[in-house]
Amino acid sequence: MAPSAVSKRKGAKAQKASPKKKQKKESFTAKTPKQADLFDHSDSLDEQEIEEHVVFDEDDEEGSGSGSDILFGDDPLAGDDDSLQASDDEGSGFDSGSDLDSDSDDSDIEAKSRAIDEERAREEEEAGAEMQLNIKEESDEFRLPTKEELEEKAHRPPDLPNLQRRIKEVVRVLSNFKALRQDGAPRKDYVEQLKRDIISYYGYNNFLIGALVEMFPVVELVELIEAFEKPRPICLRTNTLKTRRRDLADVLINRGVNLDPLSKWSKVGLVVYESQVPVGATPEYMAGYYMLQSASSFLPVMALAPQEKERIVDMAAAPGGKTTYIAALMKNSGIIFANEMKEPRLKSLTANLHRMGVTNTVVSNYDGKELPKVLGVNAVDRVLLDAPCSGTGVISKDESVKTSKSSDEIHKCAHLQKQLILAAIDMVDANSKSGGYIVYSTCSIMVAENEAVIDYALKKRNVKLVPCGLDFGCPGFVRFREQRFHPSLEKTRRFYPHVHNMDGFFVAKLKKMSNLKPTTAHSELDETAERGHSMTEDSIEENDEKDDQEHLTEDDTKIKNKVLKEGVAENGKLKSPGKTPLEQKQEHKAKFPKLKFPPREEIAKAREEKRRAVREKKSASKNIGKGE
C-alpha cells in the first residue's frame, strides 16, 4: 500500500501544479527557449504520472499486485525514484519560471511608474506655462480703443457682444487698476470709455450715467444697471381690515397662484412667482382683500408707525396704497387726510379707498405747499410725504427715465421737495402725546433729492433725525463728493434693486422738537440761493460764504452788503483783490466792535440806583420849597 500512497500523493501534486502552470503560460506569452523546454519537460512528466496513477488505481481496485511488477520491474521503488526525480525537475522548472515572472513584473511596474511620473511632470509643466500665459494675457489682453477705432465704429451699427465684453474688461481693469492698467493710460480714460459703452449698450443719457458713476464703484454700478434691466417681483399687501394673510394665501393658492410670504420684516406681504389667473382681476382683489403694491412702498408706512386715533396727513396719496395701509394699521380709527394735487389721480385714490373698506379718510385736492394754511399749523400728529421725484429708482418700471432726466429737472424736483418737507414739518404738532413725526420718502437714488433735502430741513426747522425702525437697508450719505451733510443722516435708509431686490428707495424719519421756527436772517438768503442750484466745484467758495453767513445777525448782514458794494469797482472786481468779502467783514468788525450787554443782575441794580437817585432828587427839591 505504501507505493500506492506515494503514487497518489505524486498524482495529486501533479494535478494541483498543472493549473498554475497553465495560468503562467497564458499570462506570460513570450519566454526564453530554456524556459519553454522546462515547461515542456514538466508537462511530459505530468502526463506520465497521470497515466501511472490511473493504471495503479485500477490494479489496486482489482486486488492484483502484478500490475506494479509490470510497471516498475524488479525494483518496486524505481517508480518512486523516477516520480521524485520528475517532481524535483518540475519544482525546479516552476521555481525558475516564477523568478523570471517576478522579474518581468517588477520591470513592468517600474516602467509604468516612470511613465506616470513623466506624464505628471509634463502636465505640471504645461499647467505652469498656461498659468504664465494667462497672467500675461490678463495684463495685456485689453487695450483701450483708439480715437480712430471709435470713429470708425461710430459709423457702423453697435456690436452688442463686443460692447458687453468691453464693459466687463473695463470693470475688471478698474477693480485692480494698479496691476492691470495700460501703460500711460489714466483712470479717467477707462471711466470715460465705460460711460460710452454703457450709454451705447443700455441706452442711458450722459447726465444719468455720470451721476451714477459718481455714486457707486464700477463693479456695483454694473450690478445696479443690470438689476434695472430686470423686473421686480410682484407683491401683494393683505388688507387686514377684511382678512388675514394665511387665509388669503390659501384662497389664492387654490386659484393657481404660486406665492410665498414676502419676508420676515413684513407680516402682511406676499410675493407672487407665477399665476394662472391675473392677480389684478380675481374676486378677492375686487372684494378688497389685497392691494397690488411694490415691496418698497411698504417701507414709508412702516417707518411712520401710525397709532390708533391719531390725525395723520398723506401729502401725496394717489393711488392709495400707502393711505390704505395706514388705515389698516389704525384699524379705521382716527382720521387721515389724503391729499393729491393732480385731479385725474383722485379717481384711482377714491376707488381704492372704497374697495379696501377705508372709512376714516378725507380726500382733498390741494397743492401740498398750501396744506398748512388749509389744515392748520401744528395741527396733526404725523405726516407722510412720499414726495414727487425723478423716479431714478424705478427704471425697471419706466425705461423712459434713462433718457428723459437732466440736471435741471433734478434741481426742480429738489426745490419742490424742500418746499413740501417744510410744509409737512409746519403741520406737525411737536407737543403731540403720541406723534410729532414726519416721514420723507422718494423713489429716487439721487443725493440732491434725498440727503440734501433732509439736511436742508435740519437747518430750517427744529427737527432731528430718528431711526426709521427698519432692520435692513444701506445708511444714507454723510458726505458726497464735496458736499458734507449732518452726521445724523446715517439714520436714513437707502434701498437698491441689486442689493435688496426691490425698487430704489429712500426713507428718512424726522422728529419735531419745537413748534418755534428759527428766526435768522440767513433763512431767506439760503432758500433763494439754493433754488435750482447744486454745489459744484466752481461754487465751493460761494457756498462757504453762505455757511459763514448763517451765523450772522441782521445787522452784520447789512454791514457785509455795504462792504461788498463799497469794495466792488465798475468792472465787477474787488478794489482790494487780496481781501475777500469775509475778510473785509472781519476787519470792519475789528474796527467797530459790538457792544456787549451786561448781565440782567447788573442792569437791575443800575435801574434801582437810578430810581433811588430820582427819589432823592425829588425829596431834596421838596425840602428846598418848604424852607423858602
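The values are calculated or read from the model by the stated rules, or taken from the named source; none is laboratory data. What you see is a predicted model; the values in this text were computed from it and never measured. Cβ sites come from the backbone with ideal geometry, for glycine too, and all protein chains shown count toward neighbours. Surface accessibility is based on the protein's heavy atoms, side chains included, excluding ligands, DNA and RNA. Shrake-Rupley method; radii C 1.70, N 1.55, O 1.52, S 1.80 Å.
Identify, by number, the condition in (1) in a strand (DSSP E or B); (2) more than 24 Å from Phe216 (Cβ to Cβ) that Tyr440 doesn't meet.
Among (1) in a strand (DSSP E or B); (2) more than 24 Å from Phe216 (Cβ to Cβ), Tyr440 violates only (2).
Take segment 359-399 and flag every residue that is in a loop (DSSP other than H, G, I, E, B), over 18 Å from Lys512 (Cα atoms) and either aromatic (Phe, Trp, Tyr) or open to solvent by 20 Å² or more (accessible area, probe 1.4 Å) (or both).
Result: Thr359, Asn365, Tyr366, Asp367, Pro388, Cys389, Val394, Ser396, Lys397, Asp398, Glu399.
Looking at segment 213-261 only, could you name the residues that are in contact (Cβ under 8 Å) with a residue 60 or more places away in the chain and assigned to a helix (DSSP H, G or I)?
Residues satisfying the conditions are Glu214, Met215, Glu220, Glu223, Leu224, Glu226, Ala227, Phe228.
Report every pair of residues separated by at least 6 positions or lying on different chains whose Cβ atoms are under 7 Å apart, first residue within segment 366-395 and of a type in the set (Gly, Ala, Ser), second outside any loop (DSSP other than H, G, I, E, B) and open to solvent by 40 Å² or more (accessible area, probe 1.4 Å).
Pairs that qualify, where the first residue is of a type in the set (Gly, Ala, Ser) and the partner is outside any loop (DSSP other than H, G, I, E, B) and open to solvent by 40 Å² or more (accessible area, probe 1.4 Å), are Ser390/Glu409.
Report the residue count in segment 150-176 for those that are at pLDDT 80 or above and in a helix (DSSP H, G or I).
Residues flagged as at pLDDT 80 or above and in a helix (DSSP H, G or I) within segment 150-176 amount to 16.
Scan segment 326-358 for residues that are part of a strand (DSSP E or B) and not β-branched (Val, Ile, Thr) and jot them down.
Phe337, Ala338, Asn339
Given the conditions (1) surrounded by 21 or more Cβ atoms within 10 Å (Cβ to Cβ); (2) closer than 18 Å to Ala211 by Cβ; (3) at pLDDT 95 or above; (4) out of contact with any helix residue (DSSP H, G or I) (no Cβ under 6 Å at 6 or more places or on another chain), report the number of the one that Ile425 does not fulfil.
Evaluating Ile425 over (1) surrounded by 21 or more Cβ atoms within 10 Å (Cβ to Cβ); (2) closer than 18 Å to Ala211 by Cβ; (3) at pLDDT 95 or above; (4) out of contact with any helix residue (DSSP H, G or I) (no Cβ under 6 Å at 6 or more places or on another chain) leaves (2) as the failure.
Being under 26 Å from the mean Cα position of the chain (by Cα) and not in a helix (DSSP H, G or I) is the filter here; which residues of segment 289-325 pass it?
Listed by number, the residues that qualify are Leu292, Gln293, Ser294.
Looking at Tyr325 and the list (1) aromatic (Phe, Trp, Tyr); (2) at pLDDT 95 or above; (3) open to solvent by 30 Å² or more (accessible area, probe 1.4 Å), which single condition is not satisfied?
Going through the list (1) aromatic (Phe, Trp, Tyr); (2) at pLDDT 95 or above; (3) open to solvent by 30 Å² or more (accessible area, probe 1.4 Å), Tyr325 breaks only (3).
Criterion first (under 34 Å from the mean Cα position of the chain (by Cα) and in the same structural domain as Tyr496 (by the TED database)) does Ile253 satisfy it? Walk me through how you get there before you give the answer.
Details: under 34 Å from the mean Cα position of the chain (by Cα): yes; in the same structural domain as Tyr496 (by the TED database): no.
Here the answer is no, as Ile253 does not meet what is asked.
I'm trying to understand the selection: among the residues of segment 239-284, which are open to solvent by less than 20 Å² (accessible area, probe 1.4 Å) and small (Gly, Ala, Ser)?
Ala249, Ser266, Gly269
For segment 178-190, which positions are open to solvent by less than 30 Å² (accessible area, probe 1.4 Å) and assigned to a helix (DSSP H, G or I)?
Leu180, Tyr190
When you go through (1) under 19 Å from Met502 (Cα atoms); (2) in a helix (DSSP H, G or I); (3) not basic (Lys, Arg) one by one for Tyr285, which number turns out not to apply?
Looking at each condition in turn, Tyr285 falls short on (1).
Within segment 437-475, take every residue that is small (Gly, Ala, Ser), at negative phi and in contact with a Leu (Cβ under 9 Å, 6 or more places away or on another chain) and give me the one that is surrounded by the fewest Cβ atoms within 10 Å (Cβ to Cβ).
Here the answer is Ala457.
What tally of residues in segment 158-189 results from selecting those that are more than 24 Å from the chain's Cα centre (by Cα) and either of a type outside the set (Gly, Ala, Ser) or on the phi < 0 side of the Ramachandran plot (or both)?
Narrowing segment 158-189 to residues more than 24 Å from the chain's Cα centre (by Cα): 158-163, 178-189.
Right, trim to either of a type outside the set (Gly, Ala, Ser) or on the phi < 0 side of the Ramachandran plot (or both) and you get 158-163, 178-183, 185-189.
Going through segment 158-189 one residue at a time, the tally reaches 17.
So which of Asp544, Asp455, Asp538, Asp471 is at pLDDT below 90 and assigned by the TED database to the domain that holds Lys397?
The match here is Asp471.
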